[in-house]
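S.K.: Got a structure for you, written out below as C-alpha cells; questions coming shortly.
The values are calculated or read from the model by the stated rules, or taken from the named source; none is laboratory data. Worth saying up front: this structure is predicted, and the values here are computed from it rather than measured. Neighbour counts are summed over all protein chains in view; Cβ atoms, including those assigned to glycine, are modelled from backbone coordinates with ideal geometry.
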Amino acid sequence: MATKTIYSKAYRRLVSRLREMREAAGISQSALAATLGWPQQRLSAVEAGARRLDVMEFLHLTSVLGLSPEAAIQLATTKAGASTKSRPGQKKG
C-alpha cells in the first residue's frame with residue numbers, strides 16, 4: 001500500500017517552506033487564517049503536518065503569501081535549497 005502524501009518528505013518540506021514564508025513576512029497564524037477565512041486551528045494543523053491541504057486551499061494560501069500559481073507549483077516541486085523565481089511575499093507582475 002502506498003504511503004499517503006501527507007507523510008512524504010516532499011509534503012513536509014512544502015509545509016515547512018510555507019510556514020517559513022509566513023514567518024518571514026511577519027504574519028501570525030491567526031492573521032493569515034483570518035485572511036484566508038479559516039479557523040486558526042486549521043492553519044496550525046496544516047503547518048504541523050496533521051492536515052493535508054487540497055489543491056484549492058494550497059493555491060489560496062500561496063496567493064495570500066504573494067505567490068503566483070506558477071511560483072506556488074514550483075515551490076511544491078523543487079528540492080530543498082533550490083531557489084524559486086518568485087521570492088516569498090512578492091507577487092509576480
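S.K.: In segment 5-20, which residues are of a type in the set (D, E, K, R) and under 15 Å from A45 (Cβ atoms)? Break it down stepwise before answering.
M.R.: At the first step, the residues of segment 5-20 found to be of a type in the set (D, E, K, R) are 9, 12-13, 17, 19-20.
R12, R19 - these are the residues of segment 5-20 that are of a type in the set (D, E, K, R) and under 15 Å from A45 (Cβ atoms).
S.K.: Hey, A50 hits all of (1) at pLDDT 95 or above; (2) out of contact with any helix residue (DSSP H, G or I) (no Cβ under 7 Å at 6 or more places or on another chain); (3) of a type in the set (A, V, I, L, M) but one; which does it fall short on?
M.R.: A50 satisfies all of (1) at pLDDT 95 or above; (2) out of contact with any helix residue (DSSP H, G or I) (no Cβ under 7 Å at 6 or more places or on another chain); (3) of a type in the set (A, V, I, L, M) except (1).
S.K.: Shifting gears a bit: Considering only residues that are among the basic types (K, R), surrounded by 15 or more Cβ atoms within 10 Å (Cβ to Cβ) and free of Cβ contacts under 8 Å to residues at least 40 places away in the same chain, which ones fall in segment 1-24?
M.R.: R19
S.K.: Is at least one residue of segment 36-43 under 10 Å from the mean Cα position of the chain (by Cα) and either modelled with pLDDT under 95 or of a type in the set (K, R) (or both)?
M.R.: Checking segment 36-43: not a single residue is under 10 Å from the mean Cα position of the chain (by Cα) and either modelled with pLDDT under 95 or of a type in the set (K, R) (or both).
Residues are listed down the side, and each one gets a yes or a no for (1) touching a residue at least 60 places away in the same chain (Cβ under 8 Å); (2) in a helix (DSSP H, G or I):
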position	(1), (2)
G26	no, no
A34	no, yes
R42	no, yes
E47	no, yes
L53	no, no
L59	no, yes
T62	no, yes
E70	no, yes
L75	yes, yes
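S.K.: Which numbered condition trips up K79, out of (1) of a type in the set (D, E, K, R); (2) closer than 19 Å to A10 by Cβ; (3) modelled with pLDDT of 95 or more?
M.R.: The failed condition is (3).
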